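Below is one structure, written out as structure tokens; the observations come after it.
Read the figures in this text as sums done on the coordinates, not as results from a lab. Just so it is clear, the model here is predicted, and its values are computed rather than measured. As a convention, Cβ positions derive from the backbone with ideal geometry for all residues, glycine included, and neighbour counts pool all protein chains shown.
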Amino acid sequence: MDKRIKTVPRYGTGFKDRLYLPAIYEGMKITFKHLKDNVSDSNAIDVLEYPEEQPTDITERYRGLHRLTHREDDTVACVACFMCATACPSNCIFIEATERTDGVDEKMPQRFAIDTLECIFCGYCVEACPCDAIRMDTGIFSLTGNAREDFVLEKEQLLAYKGAFGEEKSIAGK
Amino acid sequence: MSDITITVDGKELTVPRDELLIKILNKNNFAIPQFCYHDALGMDGNCRMCMVEIEGQKRPQIACNTLPKEGMEVRTRGEKIDATRQKILELELINHPVDCPICDQAGECKLQDYYMDYGLYDSNIAKSDKVHQRKHIDLGSEVMLDQERCVLCARCTRFTSDITKTHELGIIGRGDHACVSTMPGKKLDNAYAMNVVDLCPVGALTSKDFRFKQRVWFLTSTPSICHGCAKGCNIFIDHNREKYKDDTVYRFRPRENQQINGHFICDTGRLSYKELQEKRQLESIFEAEPVEMDVATSALKTMLKMHLKDIVILASPELYKEELESLMRLSERLNATLVCPMESYYDERFGDDWLKSPQRAANAKAIEQLGISTELSQEQHIGLLMSFDHRDFPEIKSDHSVTFQTHIGVDADLILPLAAYSEVAGTLVNEDGIEQWCKQVIHRKEPLYSVREWVRLLEGVES
């Protein structure tokens with residue numbers, strides 16, 4: 001047999017499982033319990049009246065919209081090493097590197113764009129970044145636009161977003 | 001000299017007596033880390049990375065300065081040797097800036113590879129204690145030098161002193177301050193200078209042309225043959241198709257072939273990749289107007305029917321042998337004259353005594369072998385001149401002219417696009433008569449017609 005094929009044991013062959021009725025009973029018990037609770041006191045249902053009411057539980061580790069950070073001297077922290085683009089599972093980061101001439105470093109992105117329609121917000125880019133240049137700490141969870149192109153965030157837009165949790169600059173090398 | 005038997009990691013090998021141990025180990029696929037040894041440059045013994053254990057010797061020995069002996073027992077792995085390698089690697093990396101994010105070598109860097117294979121230690125030196133040297137120095141000849149990243153293996157200096165004999169590079173300074181440099185005010189300047197980029201095992205010498213264009217791990221390397229001249233140097237074409245873009249070539253790298261080019265290629269050939277995507281003829285042009293493919297082909301058919309007696313076909317000597325053969329068949333069926341004037345492809349100034357041939361036509365030998373005429377008689381009246389990418393096309397007078405062009409820049413009644421050599425597969429015969437197969441490298445989103453596809457279309461007209 002092919003080595004890649006793994007045989008897993010089949011569950012649910014017993015008499016009780018084949019009857020289905022006990023499982024249906026267990027499920028319906030939970031459903032009716034919630035129905036009873038909700039009907040008896042509708043104010044206790046945990047709902048957020050979005051968008052009038054905004055969420056308050058967005059924490060530091062929430063993966064919001066991306067931003068590009070700055071160095072201490074307010075220049076772009078990204079060095080266009082392509083680590084994020086390499087790690088990205090949906091290939092939605094588009095970088096064009098160029099020579100950096102201001103003496104701070106050798107390399108910087110000419111273009112840095114994220115197609116947020118293709119992005120799955122997994123945060124791998126943040127994990128991969130060796131320069132702490134890309135973060136998902138803006139706290140922004142909704143993005144609207146009129147055309148598909150509006151969702152491709154370019155370098156300037158990404159640099160303009162502010163971090164929502166205090167830490168503003170890149171802390172690479174500290 | 002008779003062969004002898006040695007044992008490496010318990011495996012018996014029969015080897016020639018006069019071959020260096022490192023060469024034997026490399027040939028038999030034993031992983032031996034090495035910076036300074038290179039097959040083309042020989043041993044230097046300065047990097048000390050290729051340490052192996054030899055039974056009966058007190059200390060580990062460098063494999064690059066050891067000759068095999070009858071019954072020698074060599075161990076390439078083991079606790080002792082791994083520890084030695086780790087310590088040597090730590091010394092190599094002691095002043096390394098670890099700026100992999102901005103280094104073009106990242107991904108094909110021996111320091112990275114060996115650190116993952118043999119290193120994996122925690123650094124004992126703080127970044128602030130490292131010795132700083134000059135970075136991004138333009139050495140000339142499209143080579144960039146970063147002195148901090150250098151491991152002083154001297155491959156580059158040995159290349160300029162032993163192979164090109166131009167002696168531009170040297171190691172100056174002592175101890176921590178030793179670095180590769182040119183003489184003050186002098187530049188790296190020879191026709192093979194960019195080979196030092198491939199020779200450099202780390203990111204000290206990088207190509208200015210390739211600088212920051214792509215990360216190497218995105219590239220696909222396809223073996224091919226350089227079309228710069230009739231030498232037929234073996235190369236790798238490194239290309240990549242980025243999302244939403246077309247397949248693009250980013251660089252040529254030499255591929256080892258001891259019969260032809262050894263380990264190297266010339267700079268002209270190396271940079272000739274640019275021609276594959278610059279100024280390409282992508283649309284059909286009929287009477288100076290861009291037209292759709294079907295309009296162009298019907299115009300071609302009308303022209304062909306108009307001149308069934310006096311057709312001349314010009315074949316470029318850069319086409320593959322199979323393409324030339326199909327043009328021969330076509331000219332026979334159309335009763336046309338097939339010629340390939342060669343004068344404009346010969347450039348005395350380009351040639352040298354190593355890898356650059358004055359014959360710039362990559363497949364000149366195939367023209368000779370197939371017996372295609374290279375003389376076009378002056379008196380002959382040409383009704384329809386059909387050129388397959390030949391350089392002389394603009395100079396030849398005719399009633400009507402059709403040209404199949406890979407690149408823009410000529411004028412004709414009908415101009416049709418043609419696939420470049422990287423987009424077709426075929427055989428090249430180099431000037432020494434060595435036949436070499438070129439794979440199709442580039443797969444365009446919208447493929448252009450190759451010579452053979454055009455010939456098939458033209459044969460359909462005739463019948």
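Here are a few things to note about the model shown:
- Ordering B:Val98, B:Val249, A:Val39 from the fewest to the most neighbouring beta carbons within 10 Å gives A:Val39, B:Val98, B:Val249.
- Positive end of the dipole of the protein assembly as shown (Cβ unit charges, origin at the Cα centre): among B:Val402, B:Cys50, B:Gln34, the Cα lying farthest that way belongs to B:Cys50.
- Computed 3J(HN,Hα) for the stretch B:182-196, one whole-Hz value per residue from the Karplus formula 6.51 cos²θ - 1.76 cosθ + 1.60 where θ = phi - 60°, is 9, 5, x, x, 9, 10, 6, 8, 8, 6, 10, 4, 5, 5, 5, glycine and proline marked x.
- All lysines inside 24 Å of A:Lys29 as judged from Cα atoms, apart from same-chain residues fewer than 8 positions distant: A:Lys16
- Magnitude of the charge dipole for the protein assembly as shown, about its Cα centre and with charges confined to Cβ atoms of Lys, Arg (+1) and Asp, Glu (-1), is about 2040 debye.
- Between the C-alpha center of the stretch B:1-36 and that of the stretch B:293-368 there is a gap of 49 Å.
- In plain terms, the chain from B:Asp189 to B:Lys301 could stretch by 35.1 nm, reckoned as 0.36 nm per residue minus the Cα-Cα distance.
- Label-point separation, A:Gln110 to A:Glu60 (7 Å along Cα→Cβ), nm: 3.9
- Structure-based [θ]222 nm, the protein assembly as shown - -39500 (n - 2.57) summed over DSSP H runs of at least 4, per residue, nearest 500: -5500 deg cm²/dmol
- 5 angstrom amide H check on B:Ala106, placed H, neighbours 5+ away: none
- GluC sites (Glu not before Pro) restricted to DSSP loop in the stretch B:369-408 with at most 14 other C-beta within 10 Å: B:Glu375, B:Glu379
- Protection proxy ranking of B:117-128, B:2-13, by the mean of other Cβ atoms within 10 Å over each peptide's residues and highest first, is B:2-13, B:117-128.
- Cross-link reach list, lysines versus A:Lys162, counting only Cα pairs under 27 Å and skipping chain neighbours closer than eight places: A:Lys107, A:Lys174
- Rounded to the nearest 20 debye, the dipole size of chain B about its Cα centre is 1660 debye, using +1 on the Cβ of Lys and Arg and -1 on the Cβ of Asp and Glu.
- Once C-alpha pairs closer than 8 Å and six or more residues apart are averaged by separation and normalised to the residue number of chain B, the relative contact order reads 11 percent.
- Ordering B:Met116, B:Trp437, B:Leu414 by Cα displacement along the dipole of chain B toward the positive end leaves B:Met116 in first place; charges were set at the Cβ atoms of Lys, Arg (+1) and Asp, Glu (-1).
- FRET efficiency for B:Asp18 and B:Thr374, using Cβ-Cβ distance with R0 set to 41 Å, rounded to 0.05: 0.30
- Restriction of the trypsin sites (Lys or Arg not before Pro) in the stretch B:314-414 to DSSP coil positions whose beta-carbon has at most 12 other beta-carbons within 10 angstrom yields B:Arg349, B:Lys397.
- If you plug the beta carbon distance of A:Asp102 and B:Phe350 into 1/(1 + (r/R0)^6) with R0 = 35 Å, you get a FRET efficiency near 0.30.
- Theoretical FRET efficiency, 1/(1+(r/R0)^6), r = Cβ-Cβ of B:Glu322 and B:Ile137, R0 41 Å, to 0.05: 0.30
- Mean separation of Cα contacts under 8 Å (6+ apart) over length of the stretch A:21-163, as relative contact order %: 28
- Karplus-derived 3J(HN,Hα) values for the stretch A:14-19, using 6.51 cos²θ - 1.76 cosθ + 1.60 with θ = phi - 60°, are x, 4, 5, 6, 5, 6 Hz; glycine and proline are entered as x.
- Distance between the stretch A:100-126 and the stretch B:412-439 - C-alpha centres, whole angstrom: 40
- Exceedance of the 24 Å cut-off in Cα-Cα distance is limited, within the set B:Lys231/B:Lys439; B:Lys87/B:Lys130; B:Lys87/B:Lys135; B:Lys110/B:Lys135; B:Lys27/B:Lys208, to B:Lys87/B:Lys135; B:Lys27/B:Lys208.
- Dipole magnitude (debye, nearest 20) for chain A, charges at Cβ of Lys, Arg, Asp, Glu: 1340
- Taken along the Cα-to-beta-carbon direction at a fixed 7 Å, the label points for A:Glu167 and B:Glu453 span 5.4 nm.
- Options B:Tyr192, B:Gly175, B:His136, ranked by Cα towards positive dipole end of the stretch B:126-207, top entry (Cβ charges): B:Gly175
- Looking at the stretch B:61-95, the GluC sites (Glu not before Pro) that sit in a DSSP loop and have at most 15 other Cβ atoms within 10 Å of their own Cβ are B:Glu70.
- Inter-centroid distance (Cα atoms) of the stretch B:143-175 relative to the stretch B:179-213, Å: 9
- Peptide A:123-133 shows a mean partner chain C-beta count of 1 within 10 Å per residue C-beta.
- Inter-label distance for B:Glu55 and A:Ile140, nm, one decimal - labels placed 7 Å from Cα along Cα-to-Cβ: 6.9
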